[in-house]
Amino acid sequence: MCSLQKRDGVFILTLSGEGEHRFNPPLIDFILSALAHVNQNAHLASALITTNDGKFFSNGLDLQWLSEFSSSRENRSQILVFKFGQLLTALMELKLPSIAAVCGHASAGGFFLALAHDYRFMRKDRGFLYMSEVDVGIVIPPSGMSIVRSKVDSRYLTEIVLGGRKYTAPMAFKAGLVDSVHDNSAKTLEAAIDAAVKMGQKNWNKEVYLQLRLSLFSEPMEKLRLGTKEGSPLLSRL
Amino acid sequence: MCSVEKRGRLYILTLLGEGDHRFNPCTIDAISAALQEVQDSPDAGPLVTTNQGRYFSNGLDLQWISQNPDVPLSTLRIKFETLLASFMRLRVPTIAAICGHAAAGGFMLALAHDYRFMRGDRSVLYMSELDIGLKFSKGFMAAIRSKLMPGTLRDVVLGARKFSARMALEGGIVDSVSADSPQTLEAAISEAQKLAGRGWKKEIYCELRLGAFPGVLEELDAHEDPYNFPLSSKLSKL
């Protein structure tokens, strides 16, 4: 489902395999334990890079998992949204700078995953960023909206969120959605590793870095916290 | 320390001398007194803040802090937050004519103005806190966040990037760039005169500014210590 390596003092989390890397509780738990490992070893690394095999960064939530047992669809919905909130929170609370090396399509939850990273690098030869919720007919919760508002220039908000516009890498770069674009997956990952190594050379205090990120994105963090509060007894056991 | 010149209805506040115009209680009081003069003048037009020498300002006076060990660190921070709040409360438009380097508190002072004009050569904007290992108080972060676009904000706070005038213009940090100090000041004064000619009601202008940047004044007035954000993710407690 996902693998974690360390190279040149950089953690690389790869969403593995040729599929759409859609999020269901098992995958999210895998990623959460990888992130826990990264946090425990933050002092040994300069950054985390999240990337993917194949043609998809991620196409978002696993809607098939939601409908597996029709009787529990509502429960499953709650669980999946809750867990996805946990994933975004864990990323925003990561003790290291983070780079999403987007090597394929990133839609809906996949787009959010990319946005939850500090930096985004993207491959040029294939793939687009796409907030598909309006097309699929799903509401974005306040936490998600808050993340979009804090990371995206307001002049593009309407066409991204209300227009479901698909952004190719050059368009994404122009709109400031990604920080750099590269010829192919390998070059995207390489560039992300270079950037991570350069960040490591700055010898930033990691506790300060985390606090700066949290204070910078205090509004989304507040909304995420509300979304993942221990409410129902079912959810609090997750 | 600073001088105030009235030219027609315009006010020009100049940080004097060849030094780096750092903020300590004396220099802050001098600037506050100048602001009070502008605030009290019934027919005051826009304010232009500028500097002599090679520095707009390098921020808080760390030397003063080490020479006054019995004064709590928060004292200077609170005084500077009050100064920034005074700029927010000013009932006239404000333009920072940045004729030199502006770092940390100096960069914040420039951001506290409505407009920023910058000299093109030998001037860098730099939020140095991450490199030094310092967090921002809620007030400072609110002030910084309010004036910068998401991508630029990320680069300023989480990247501690040094912005040349051209980069600052591209990143939307400054509104215009001129060849040298005299031309920068001239451009700022010319703009100030245009703004003066609009005949705006002072109370309305101030209310509009506070409404456009909600929460900033409240955070600056609250003087909350740099504090630690609660981490909600169990994984981050490792």
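Values quoted throughout were computed directly from the atomic coordinates according to the rules given, and no laboratory measurement underlies them. This is a predicted model, so every value here is computed, not measured. Every residue, glycine among them, receives a Cβ derived from its backbone with ideal geometry; neighbour counts consider all protein chains shown.
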*How big, on average over all directions, is the shadow cast by the Cα convex hull of the range B:1-78, in nm²?*
5.5
*Would you pull out the residues with amide H under 5 Å of A:A47's amide H, same chain only if 5 or more places away, H placed 1.01 Å from N?*
A:F11
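May I ask you to derive the FRET efficiency for B:R9 and B:A179 from their Cβ-Cβ distance with R0 = 22 Å, giving the value to the nearest 0.05? List each step's numbers first, then the result.
Working: r = 27 Å, r/R0 = 1.23.
Efficiency, from the Cβ-Cβ distance: 0.20.
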*Grab every C-alpha pair in the range B:119-196, bin the distances at 5 angstrom width from 0 up to the longest one, and report whole percents.*
3, 15, 20, 21, 16, 14, 8, 2, 0
*How high is the relative contact order of chain B, in percent, with contacts defined as C-alpha pairs under 8 Å that are six or more residues apart?*
21
*Residue-wise, which Karplus ³J(HN,Hα) couplings in Hz belong to the range A:196-209, taking 6.51 cos²θ - 1.76 cosθ + 1.60, θ = phi - 60°, and x for glycine or proline?*
5, 4, 4, 5, x, 5, 7, 6, 5, 6, 5, 5, 5, 4
*Would you mind computing, in nm to one decimal, how far apart the modelled labels at A:S70 and B:I65 are, each placed 7 Å from Cα along Cα→Cβ?*
6.5
*asked:* If you consider only alpha-carbon coordinates, what radius of gyration and Dmax does the range A:1-63 have, in Å?
replied: 12.0, 37
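Go ahead and estimate [θ] at 222 nm for the protein assembly as shown from helices alone: -39,500 (n - 2.57) per DSSP H run with n ≥ 4, summed, over the residue count, rounded to 500.
Working: 22 runs with 217 residues, N = 476.
That comes out to -13500 deg cm²/dmol.
What length, rounded to one decimal in nm, is gained on full extension from A:V139 through to A:S180, with 0.36 nm per residue of separation minus their alpha-carbon distance?
11.8 nm
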*Around A:F128, which amide H atoms from residues at least 5 apart in sequence, or from another chain, sit under 5 Å from its own amide H, with H modelled in the peptide plane?*
A:H105, A:A106
*Given springs between every Cα pair under 10 Å in a Gaussian network model of chain B, which of B:K201, B:K162, B:K147 has the largest fluctuation?*
B:K201
*Got the relative contact order for the range B:1-87 handy, in percent, Cα pairs under 8 Å and 6 or more residues apart?*
35
_Virtual spin-label span in nm between B:S74 and A:S16, 7 Å along Cα→Cβ_ = 5.1
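On alpha carbon coordinates alone, what is the Rg over Rh value for chain A, Rh being the Kirkwood radius?
On the way: Rg = 16.8 Å, Rh = 17.9 Å.
Checking Rg against Rh, the ratio lands at 0.94.
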_Per residue convex hull volume, Cα atoms of the range B:40-138, in Å³_ = 126
*Distance cut-off 25 Å, percentage of C-alpha pairs in the range B:73-219 lying past it*: 28
*Scattering profile of the range A:97-147 at q = 0.19, 0.22, 0.27 Å⁻¹ [log10 I(q)/I(0), Debye over alpha-carbon scatterers]*: -0.64, -0.81, -1.05
_Ratio Rg/Rh, restricted to the protein assembly as shown and using Cα atoms, in which Rh is the Kirkwood radius_ = 1.01
*Which listed pairs, of A:K202/B:K79; A:K83/A:K229; A:K151/A:K223; A:K6/A:K124; A:K151/B:K138; A:K124/A:K166, have C-alpha distances above 21 Å, in listed order*: A:K202/B:K79; A:K6/A:K124
*asked:* Taking each pair of distinct Cα atoms in the range A:97-225 once, what is the resulting Kirkwood hydrodynamic radius in Å?
replied: 15.3
*Starting at 0 and stepping by 5 Å, how many percent of the alpha carbon pairs of the range A:31-74 end up in each bin?*
5, 15, 16, 14, 15, 14, 11, 6, 3, 1
*Once you've got the GNM for chain B with C-alpha springs shorter than 10 Å, pick whichever of B:Y11, B:Y126, B:Y205 has the biggest mean-square fluctuation.*
B:Y205
*asked:* Using the Cα atoms of the range A:165-207, I'd like the radius of gyration and the largest Cα-Cα distance, Dmax, both in angstrom.
replied: 13.3, 39
*Excluding B:A142 itself, what net charge comes from residues whose Cβ is under 9 Å from its Cβ, given Lys and Arg +1 and Asp and Glu -1?*
0
*Considering chain A as a Gaussian network with a 10 Å cut-off on Cα pairs, which listed residue, A:A45, A:A175, A:A101, attains the greatest mean-square fluctuation?*
A:A175
*For the range B:94-159 and the range B:1-26, compute the distance between their C-alpha centroids and round to whole Å.*
19
*asked:* List the residue ranges in chain B for DSSP H helices whose C-alpha atoms run 24 angstrom or more along the long axis and whose Kyte-Doolittle average is 0.0 or above.
replied: B:73-89
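Could you check how many percent of all C-alpha pairs in the range A:1-132 are farther apart than 23 Å? Show your work: numbers first, answer last.
Values: 2489 of 8646 pairs.
Roughly 29 percent, rounded to a whole number.
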_Positive-end extreme of charge dipole, the protein assembly as shown - chosen from A:N75, A:I49, A:V10 (charges on Cβ)_ = A:N75
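What does the charge count around B:S181 come to, taking other residues whose C-beta lies under 11 Å from its C-beta (Lys +1, Arg +1, Asp -1, Glu -1)?
Numbers: positive: B:R54, B:R119, B:R122; negative: B:D121, B:D180, B:E186.
Its environment carries a net charge of 0.
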_Across the range B:162-228, what fraction of all alpha-carbon pairs, as a whole percent, falls in each successive 5 Å bin from zero upward?_
3, 13, 12, 15, 17, 20, 14, 6, 2, 0
